[in-house]
Amino acid sequence: MIDREQVQKVALLARLALEDAEIDTFTTQLNDILGYFEQLGELDTTDVEPTTRAIEVVNITRHDQRVSMSDREEILQGAPDRDGDFFKVPKIINE
Amino acid sequence: MTTATPAKTQYEAVIGLETHCQLSTETKIFSPSSTAFGAPPNTHIDPICMGMPGVLPVLNQKVLEYAVKAGLALNCQIAPYSKFDRKQYFYPDLPKNYQISQYDLPIAEHGWLEIELYDKASGSATRKRIGITRLHMEEDAGKLVHGGSDRLAGSSYSLVDYNRAGVPLIEIVSEPDLRTGQEAAEYAQELRRIVRYLGVSDGNMQEGSLRCDVNISVRPVGTETFGTKVEIKNMNSFNAIQRAIEYEIDRQIEAIETGEKIVQETRLWDESSQRTISMRVKEGSSDYRYFPEPDLGPIQVSSEQLSTWKAELPELPYQKRERYESELGLSAYDARVLTDDRAKAEYFEATVAAGAPAKQAANWITQDLSAYLNANSELAITDLKLTPANLAELIGLIEAGTISNAGAKTVLPKLLESGGSPTKLVEAEGLIQLSDADAIGALIDEVLAAHPKELEQFRAGKTKMQGFFVGQVMKKTNGRADPKLTNQILAHKLTSAE
């Protein structure tokens, strides 16, 4: 079970500002989602090795070769703010 | 000795280093943009390193090779199964809001590195093994420029250059085995030597290719538990690492002795004031919530692949140091200077292989050749026109008595600049040593006859005058007279004539 406090912590970590009512809504919704996952616990996994993925692929790599991928201007234009060739972001120091 | 006051508490520092080392690949860790340093801002960016929706990162195989080779060189166990994880945090230098790193299954673990602590006063060296906890692969972040300067304070906005975002790094974490600033600086230098020997990184600290963070605490000698740990960042030279640690040890001991509480925090080394300054980072704002990176498959290094890479490793600096001392009979100092740079070590080895005695080869390389290279900083030892074979030949001429040491030094500048055969050059320059006893004897007679006053002084007990007579013989022969022989004959003549 997840409580309001945990929802507030996750919101802080995700830099989301939540209203009180939203905290209640998300607490309920997240608990519902976690409840669905709980159903998986009904299966017997005693002899199943833990894994982080469903598809068994290993060692997918590429050659160390330069490829021109896209227009830099296009990427820069996608930013909310820019200053010439730089991306521009709000002041980030912790007071 | 009796004393009324209790013995002063002795403290020791417990230090561990986290080193980020940029790998010398052509392209980024998960995307094909260039990793070149110093390009105009945001020219080496692409949808993958910028975290655009729908893109798929793919591991650069050179990154894996370099990381495994570094792990092997650090005597680590290479993980048979390894994976990438996402480390989440918000900072504008991180375009995706997570960094792809390795958390619980790093590519390499449980290694060690041997440092050598050289004592200038005694000329002796002691060795110490420093444990390597782990080595993992990860991507670098971008670079922030604060309101037109590199300083955080006073800027109202920041500019971001993502050229560095996605550049491949290995992070190497040491065990807390280091005890002094000198040991830590030596550890960092040895690490740089190793990655340079391997050719996996240029180790350039000024360009940020090698960055060290220090974890440090102090405790009374004899205690087992650790004191409160402080992290120090922002040192951009080996010297700064040493000084930052020395400052921090003093600061922490003083805090303990005055009853002040040491806070677990991150401090920055301030080069201008030569002290560490607290960063005051807000508590509880970081919680990385690592989870397996779903876009990248796991890594399994086969034993065949591992042995191929192992076979490609060069002889490492600590192995060379050991061999130069035990097999070639060099001093700890010479071994250290020669092995600092792989190209220099290989030049030395080629000279010895061409027949030069190790000690003489070491002297020429660490003294005359190094002085020339220092004066011509754009040159590497491999650029010298004087080949190792030529140097061996020159040393051979001295050994055979064909030329004097001074004669060899006379022709050296020409050999360094134009190359060619030393034998031909000393012949052409008329530097072949005069080793004929009769001829030297005749010259000595002339010198003695021409300087009766000095001879009288010598006979009156001023034995230092012998050097004067040798000098006169050298002058007459343009330094070609065999100095040893000249001394012998002169001594004989001076004593027998009395």
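The values are calculated or read from the model by the stated rules, or taken from the named source; none is laboratory data. Computed from a prediction, not measured in an experiment: that's the story for all the values here. Cβ: placed from backbone, ideal geometry, glycine included. Neighbour counts: every protein chain shown. We work out accessible area using only protein heavy atoms, side chains counted, and drop any ligands, DNA or RNA first. Shrake-Rupley method; radii C 1.70, N 1.55, O 1.52, S 1.80 Å.
Based on alpha-carbon centroids, what's the gap between segment B:32-75 and segment B:169-211 in Å, whole number please?
Measuring centre to centre over Cα atoms gives 20 Å.
Positive end of the dipole of segment B:5-304, charges at C-beta (+1 Lys, Arg; -1 Asp, Glu), about the Cα centre: which of B:Y187, B:S156, B:C21 has its Cα farthest in that direction?
B:S156
Label points 7 Å out from Cα along the Cβ direction at B:E26 and B:K229: separation in nm?
4.0 nm
Quick check: net charge around B:T402, other residues with Cβ under 12 Å of its Cβ, Lys/Arg +1 and Asp/Glu -1? Display every interim value, and only then the final one.
Values: positive: B:R480; negative: B:E393, B:E399, B:E427, B:D482.
Overall, the nearby charge balance is -3.
List the residues of segment B:82-128 for which accessible area in the full set of protein chains is at least 40 Å² lower than for the chain on its own; 1.4 Å probe, protein heavy atoms only.
B:F90, B:P92
At 1.4 Å probe size, with the rest of the protein present, what percent of the exposed accessible area of segment B:325-457 is carbon and sulfur atoms?
51 percent
Averaged over A:75-82, how many beta carbons belonging to a partner chain fall within 10 Å of each residue's beta carbon? Let's see the in-between values first.
On the way: counts 9, 5, 0, 3, 4, 0, 2, 3.
Per residue, the average neighbour count from other chains is 3.
Tell me the carbon and sulfur percent of the accessible area for segment B:11-63, rounded to whole percent, probe radius 1.4 Å. Could the numbers behind the result be given before it?
Working: 950 of 1670 Å².
After summing per-atom areas, the C and S share lands at 57 percent.
Using the heavy atoms of the protein chains and a 1.4 angstrom probe, tell me the accessible area per residue for segment B:234-345 in square angstrom.
Value for segment B:234-345: 55 Å² per residue.
Using +1 on the beta carbon of Lys and Arg, -1 on that of Asp and Glu, and nothing else charged, what's the dipole of segment B:100-232 about the Cα centre, debye to 20? Present the calculation step by step, with values, prior to reporting the outcome.
Numbers: 15 positive and 21 negative charges, 69 e Å.
It comes to approximately 320 debye.
Calculate the length of the line joining the C-alpha centroid of segment B:340-407 to that of segment B:453-498, in whole Å.
Going from one Cα centre to the other spans 32 Å.
If we sort B:194-201, B:268-275 on the protection proxy, mean other Cβ atoms within 10 Å, highest first, what's the order?
On the way: B:194-201: 21.4, B:268-275: 13.6.
Highest mean packing first, the order is B:194-201, B:268-275.
Using each residue's phi in segment A:39-52, evaluate 6.51 cos²θ - 1.76 cosθ + 1.60 at θ = phi - 60° and report the 3J(HN,Hα) Karplus result to the nearest Hz, with x for Gly and Pro.
Couplings: 4, 4, x, 5, 6, 8, 10, 3, 9, 9, 5, x, 9, 9 Hz.
Between B:D104 and B:E257, what is the label-point separation in nm under the 7 Å Cα-to-beta-carbon projection?
Calculated label separation equals 4.5 nm.
Could you tell me which of B:I381, B:M52, B:L425 has its Cα farthest along the dipole of chain B towards the positive end, charges placed at Cβ (Lys, Arg +1; Asp, Glu -1), taken about the Cα centre?
B:L425
Summing +1 for each Lys or Arg and -1 for each Asp or Glu, what net charge is found among the other residues whose Cβ lies under 11 Å from the Cβ of B:A356?
Working: positive: B:K359; negative: B:E349, B:E393, B:E399.
Net of charged neighbours comes to -2.
Take peptide B:45-51, look around each residue's Cβ out to 10 angstrom, count Cβ atoms belonging to other protein chains, and average those counts.
Numbers: counts 6, 6, 5, 2, 2, 8, 0.
Shielding by partners across B:45-51 averages 4.
What is the calculated FRET efficiency for B:F90 to B:T382, with r their C-beta to C-beta distance and R₀ = 41 Å, to the nearest 0.05? Don't jump to the answer; show the numbers that get you there.
Values: r = 47 Å, r/R0 = 1.14.
E between B:F90 and B:T382, to the nearest 0.05, is 0.30.
First measure r as the distance between the Cβ atoms of A:E73 and A:E38, then evaluate 1/(1 + (r/R0)^6) with R0 = 45 Å and state the FRET efficiency to the nearest 0.05. Each step should come with its number before you reach the end.
Numbers: r = 49 Å, r/R0 = 1.09.
Efficiency, rounded to the nearest 0.05: 0.40.
With a cut-off of 8 Å between alpha carbons and a minimum separation of six or more residues, what is the relative contact order of chain B in percent? Kindly include the intermediate steps, with their values, before the conclusion.
Numbers: 869 pairs, mean separation 70.1, N = 498.
Over chain B, the number comes to 14 percent.
List the accessible area buried at the contact between B and A, summed over both sides and calculated with a 1.4 Å probe, in Å² to the nearest 100. Please list the in-between numbers first.
Values: alone 25100 and 9850 Å², together 30970 Å².
Between B and A, the summed buried area is about 4000 Å².
Give me the 1.4 Å probe accessible area per residue for segment B:386-438, excluding ligands and nucleic acids, in Å². Each step should come with its number before you reach the end.
Details: 2400 Å² over 53 residues.
It amounts to 45 Å² per residue over segment B:386-438.
If Lys and Arg each add +1 and Asp and Glu each add -1, what is the summed charge of the other residues whose beta carbon sits under 10 Å from the beta carbon of B:D93? Walk me through the numbers on the way to the answer.
On the way: positive: B:K143, B:R164; negative: B:D140, B:D161.
Residues near B:D93 contribute 0 overall.
With 32 Å as the limit, write out which pairs from B:K385/B:K464; A:K9/B:K233; B:K69/B:K233; B:K128/B:K310 have Cα-Cα distances beyond it, or answer none. Before the final figure, lay out the partial values.
Working: B:K385/B:K464 41 Å; A:K9/B:K233 28 Å; B:K69/B:K233 27 Å; B:K128/B:K310 24 Å.
The pairs that break the limit, which is 32 Å between Cα atoms, are B:K385/B:K464.
Over what distance in Å are the Cα centres of segment A:1-28 and segment A:46-95 separated?
27 Å
Roughly how crowded by other chains is peptide B:289-297, in terms of the mean Cβ count from those chains within 10 Å of each of its Cβ atoms? Display every interim value, and only then the final one.
Numbers: counts 3, 0, 1, 3, 2, 2, 0, 4, 9.
Partner Cβ neighbours, averaged per residue: 3.
What relative contact order, as a whole-number percentage, does chain A give when Cα pairs under 8 Å and 6 or more residues apart are counted? Don't skip to the answer; put the middle values down first.
Details: 26 pairs, mean separation 15.5, N = 95.
RCO, chain A: 16 percent.
Leaving ligands, DNA and RNA out of it, report the carbon-plus-sulfur percent of the accessible area of chain A at a 1.4 Å probe.
Details: 4150 of 7760 Å².
Exposed carbon and sulfur together represent 53 percent of the surface.
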